[in-house]
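The values are calculated or read from the model by the stated rules, or taken from the named source; none is laboratory data. Note that this is a predicted model, so its numbers are computed, not measured. Virtual Cβ from ideal backbone geometry, glycine too; neighbours counted across all protein chains shown.
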Amino acid sequence: MRRVKSMLLTVLCMGMILGAGYFVIVESGQKVLEKERVLEESSYEDTSSNIFYGKIEENIELFPWSYYPEEGEERILGEYPRFQEAVLGWEAKGFEEELKAVQEWYLYQLIACESNTRLEEVGKWYRESQKSIMDSMVMVDTPQFGSIYFYQDILELEKKQYQVRIACNEWNIISFACMEYRNGQKQNRDVWEEGKQKLVSVLERAEEKMTGYFDYMMFLRYQSIEYFADEAEGEYINAYLEGFHWLEQILDNKEYELSYMPKKVQIIMKELGYAAESTIEANALSDKEKESIMEDSQPGYSYQIVELKDMILLLMQGQETLGVYYDPIAQRFCGYNFFYEY
């Protein structure tokens, strides 16, 4: 009799845990997936941590790409965002062409980083193809979020193809993805699972660093800081590029000279008035102080590893949501996505 009661109690507890995890995922999924198509269509794995799992076989368009005009729908050509306008002097001769060039160069840096190629190769491809990101933008006016600008293309860099998808509002880059294009290639599930497990291990061992990355990206989202002037070095810092470098270092398990933030990220955060305790030199802290900081910096959000058709979407969710794209085949992060709720 005791065994029966014990078994029933175990089953009841498991059901409550699964139900709670499922409820969290479905509720949060409603806020980010197109037209309320939620993750309840997916299958889930149970976990005792704050990492949840989902899988969707279809091609789901997330915000802002859910607003991309389909064939026959109204679209506006010839318009482009102005996220680097503050870098230039408004009275400069040929301002519009210079603005286009500066913004193209900024995006070339992101493409070069995510395709693991040289900046010169990206510029060469666009010159030889006689293409322009700014001139290829498609603008859509939305009632909730105003103007959104879209760009997508497939680039050939160093004998590989890469799919690039960029979406901007007027003053910010709200979605960027660049990953190897494998159209028609059969997926190797063993390689996929190996890459997925690497991502899981990163989330389990680097929660503090991922918390810092999440905070950093939220700063960029709300303050529209695509560049930052490093007066000491006499250069501009590409803020999103440094975010990608940070993710690479987290993925490769590299330690930093000063705690968990790369140097250029620290410069930006310090100038913005972000005084995180974790930027204090680790060696200057006692074991008790380190333990206290770790307890205070536990993330107030959960991870959702959502397997899409050709990549993984890592949803970092708390009061707000940040999406990070991950290529499990190449085992590298390949972009980010801000989600706007209304």
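Has segment 142-161 got at least one residue that is part of a loop (DSSP other than H, G, I, E, B), touching a residue at least 60 places away in the same chain (Cβ under 8 Å) and touching a Gly at 6+ places or on another chain (Cβ under 8 Å)? Explain how you work it out, then say what you get.
At the first step, the residues of segment 142-161 found to be part of a loop (DSSP other than H, G, I, E, B) are 143-145, 158-159.
Okay, now just the ones that are also touching a residue at least 60 places away in the same chain (Cβ under 8 Å), so 144-145.
Within this subset, residues satisfying the condition of being touching a Gly at 6+ places or on another chain (Cβ under 8 Å) are none.
No.
So the check is Cβ under 7 Å with 6+ separation or different chains; which pairs have a first residue in segment 166-191 that's free of Cβ contacts under 8 Å to residues at least 60 places away in the same chain and a second one that's in a strand (DSSP E or B) and not hydroxyl-bearing (Ser, Thr, Tyr)?
As it stands, the answer is Ile166/Ile173; Ile166/Phe176; Tyr181/Ile154; Tyr181/Gln161; Tyr181/Gln163, since those pairs meet every condition given.
Is there a residue in segment 249-264 that is modelled with pLDDT under 75, assigned by TED's automatic domain parsing to the domain that holds Thr321 and either touching a strand residue (DSSP E or B) at 6+ places or on another chain (Cβ under 7 Å) or in a helix (DSSP H, G or I) (or both)?
The answer is no, given that none of the residues of segment 249-264 is modelled with pLDDT under 75, assigned by TED's automatic domain parsing to the domain that holds Thr321 and either touching a strand residue (DSSP E or B) at 6+ places or on another chain (Cβ under 7 Å) or in a helix (DSSP H, G or I) (or both).
Please work out if Ala112 is buried (at least 19 other Cβ atoms within 10 Å of the Cβ), assigned by TED's automatic domain parsing to the domain that holds Cys168 and among the small types (Gly, Ala, Ser). Don't jump to the end; show me each part of the working.
Working: buried (at least 19 other Cβ atoms within 10 Å of the Cβ): yes; assigned by TED's automatic domain parsing to the domain that holds Cys168: yes; among the small types (Gly, Ala, Ser): yes.
Yes, satisfied.
Among the residues of segment 176-185, which ones are out of contact with any Cys (no Cβ under 8 Å at 6 or more places or on another chain) and surrounded by 15 or more Cβ atoms within 10 Å (Cβ to Cβ)?
Filtering segment 176-185 down to residues out of contact with any Cys (no Cβ under 8 Å at 6 or more places or on another chain) leaves 176, 180-185.
Those that are out of contact with any Cys (no Cβ under 8 Å at 6 or more places or on another chain) and surrounded by 15 or more Cβ atoms within 10 Å (Cβ to Cβ): Phe176, Glu180, Tyr181, Arg182.
For segment 162-173, which residues satisfy the criterion of being within 30 Å of Ala86 (Cα to Cα) and crowded, with 22+ Cβ neighbours inside 10 Å? Before you say what the answer is, go through the steps one by one.
Within segment 162-173, the first condition is being within 30 Å of Ala86 (Cα to Cα), and the residues that meet it are 163-173.
Listed by number, the residues that qualify are Val164, Ile166, Ala167, Cys168, Ile173.
Can you confirm whether Ser129 is more than 23 Å from Asn238 (Cα to Cα) and not β-branched (Val, Ile, Thr)?
So Ser129 passes the test.
Out of curiosity, is Lys159 exposed (fewer than 15 other Cβ atoms within 10 Å of the Cβ) and closer than 22 Å to Arg182 by Cα?
So Lys159 passes the test.
So the check is Cβ under 9 Å with 6+ separation or different chains; which pairs have a first residue in segment 63-83 that's of a type in the set (S, T, N, Q) and a second one that's surrounded by 10 or more Cβ atoms within 10 Å (Cβ to Cβ)?
Correct list of pairs: Ser66/Leu33; Ser66/Glu34; Ser66/Ile60.
For segment 192-211, what are the residues that are within 15 Å of the chain's Cα centre (by Cα) and basic (Lys, Arg)? Spell out the reasoning first.
Applying the first criterion (within 15 Å of the chain's Cα centre (by Cα)) to segment 192-211 yields 199, 203, 209-211.
If the condition is that a residue be within 15 Å of the chain's Cα centre (by Cα) and basic (Lys, Arg), then Lys209 is the only one that fits.
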